[in-house]
Structure formats: C-alpha cells, structure tokens
1. What are the equivalent ellipsoid semi-axes of region 69-180, built from the alpha-carbon gyration tensor (square roots of five times its eigenvalues), in whole angstrom, biggest first?
2. Once the mean 1/r over all distinct Cα pairs of region 100-254 is inverted, what Kirkwood radius in angstroms do you read off?
3. Test of understanding: what is the full-extension gain from residue 100 to residue 43, defined as 0.36 nm times their sequence separation minus their Cα-Cα distance?
4. What list do you get for 85, 220 if you sort them by fewest beta carbons within 10 Å?
5. Quick one: order 76, 151, 267 by neighbouring beta-carbon count within 10 Å, fewest to most.
6. In whole angstrom, how far apart do the alpha carbon centroids of region 160-197 and region 97-128 sit?
7. Rounded to a whole number of µm²/s, how large is the Stokes-Einstein D of region 123-191 at 20 °C and 1.002 mPa s, given Rh as the Kirkwood radius over C-alpha pairs?
8. Whole Å is fine, so just give me how far the alpha carbon centre of region 1-48 lies from that of region 218-237.
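Where a number appears in this text, it was derived from the coordinates with a stated rule and is not lab data. Bear in mind that the values here come from a model prediction, so they are computed numbers and not experimental data. We place every Cβ from the backbone using ideal geometry, glycine too, and count neighbours over all the protein chains shown.
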C-alpha cells in the first residue's frame with residue numbers, strides 16, 4: 001500500500017507529509033534552543049560584576065567553523081537542486097562536500113573541547129592563582145596526599161578576576177611561562193570543563209547540543225548519500241523530497257550556529 005502525500009502536496013496544508021513533519025519538528029527545536037539562549041542571557045545578566053568570562057574562546061576557530069557551516073548550507077542546497085534537475089552525479093558530489101564540511105566542523109569543535117579539558121585553573125595556598133595548559137604531572141602526583149608536582153604553561157595572578165577578561169591589555173601583554181607547582185602548594189585544581197563555572201556550563205551545553213545535531217544530521221546525509229540513494233532509481237521524486245527535508249534540518253542547524261558564534265565568541 002502506498003503512503004499518501006509522500007510526493008504530492010496535501011490539500012489542507014499545501015505541502016507533502018514529510019515537509020509538514022520537519023517543520024513541526026523544527027518548531028520544537030526553536031523552543032529548545034530558545035530556552036537555552038534565554039538561560040544564557042539570564043545567567044550572564046545575573047553574574048557578579050567582573051566575573052563573566054571574555055575572550056576564553058578562539059575567535060579564529062569559531063570563524064572558520066562559521067564559514068564551514070555556511071558553505072555546507074550552500075552545498076546541501078545545490079545537492080537538492082541537482083536532484084530537481086535529475087543530475088544524480090552532481091547530487092553525489094555536493095552531498096559528499098556537505099559531509100566533509102560537517103566532519104571538519106566537528107573535528108575543530110573536538111579540538112576546542114580538548115583545549116578546555118587540558119586547561120587548568122589552580123588556586124594556590126598563598127592566595128594566588130595559576131592558570132594555563134597542563135604539560136605534565138609527576139608520577140607520584142596526588143593532590144589529596146600533597147605529593148608530586150604539576151607543570152603548566154601559563155601565568156600566575158594575584159586576583160582571580162584577572163583571569164576573566166583575556167581581551168584586556170594586561171592579559172594580552174602577560175607573558176606565558178612554564179610553572180612547576182608542588183602539590184603541597186595547591187589548594188584547588190580544576191580544568192575548564194562544564195563544572196568549572198557558569199560560562200563553561202552553558203558553553204558546553206549549547207555547543208554540545210548543537211554538535212549532536214550536527215552529528216545526527218551528518219549521519220542522515222551520509223545515509224542518503226550512500227545506501228539511501230538507491231531510492232533514486234525507483235522513485236526519484238520521493239528521494240528528492242527526502243533531500244529537501246534533510247536540507248531544511250541542516251539549514252536550521254546552520255542558523256543556530258549563526259546565533260551561537262557571536263553570543264559565545266564575540267561578546
């Protein structure tokens with residue numbers, strides 16, 4: 001039995017079923033990300049003066065990822081257009097480009113996450129703060145037993161607020177050096193993971209959820225490029241509709257990043 005309205009438009013909505021379904025799904029996605037963006041605004045407005053981070057993210061990497069997603073939006077549109085004019089070879093090429101761009105985006109985001117996991121803030125017993133990337137821990141390092149040492153590449157400051165704004169002239173001119181710190185001098189040691197502070201919590205939540213959407217969309221696009229493309233031979237029109245639906249989701253993911261990039265990287 002054929003499923004109705006997989007190709008022709010419904011008389012009540014003017015669009016076919018899959019397109020109606022994806023628009024309803026995207027409406028729920030707007031509410032999801034809208035709530036998270038609202039949470040970001042409220043957390044930032046309610047932050048203690050001088051304690052909201054600035055410049056913690058690499059704008060260059062964020063810009064590259066923005067360009068990659070913008071280009072992938074073009075290639076997925078061209079893939080759908082190629083299907084509409086029945087040029088299957090061009091479809092395969094443009095969809096392959098979309099997949100490669102998406103994987104590159106995820107690779108850069110993984111690098112950014114790794115950078116945060118090896119970046120540590122260390123509260124010292126004398127009231128100062130060491131901050132930098134972990135280079136090594138001694139074999140006998142044990143913070144609880146106060147044995148061993150850690151070595152970081154970074155700086156030591158006398159006020160934690162100086163770690164908040166990395167765009168300040170003082171932070172820009174600071175000299176980064178290697179510091180070897182005995183465990184006995186460490187009061188608290190924590191990396192820049194989600195639990196570090198409010199900013200890292202909302203950063204990992206927003207970008208992590210977005211990355212999962214990128215991964216999910218990439219898996220769907222890869223399926224349509226690979227085994228799913230067999231539908232092209234028996235029902236090209238329905239296959240073209242599937243490409244359009246996956247493209248709508250991909251454009252939404254691109255649009256979310258267009259908001260994430262300035263909010264997290266540029267402010």
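1. 48, 18, 9
2. Details: mean 1/r = 0.0527 Å⁻¹.
Final number for the Kirkwood radius of region 100-254 is 19.0 Å.
3. Values: separation 57, 0.36 × 57 = 20.52 nm, distance 3.54 nm.
Contour length minus Cα-Cα distance gives 17.0 nm.
4. Going from least to most buried by this count: 85, 220.
5. Numbers: 76 28, 151 15, 267 8.
The fewest-first ordering by Cβ neighbours comes to 267, 151, 76.
6. When both Cα centres are located, 16 Å separates them.
7. Details: Rh = 12.6 Å.
So the translational diffusion coefficient is about 171 µm²/s.
8. 23
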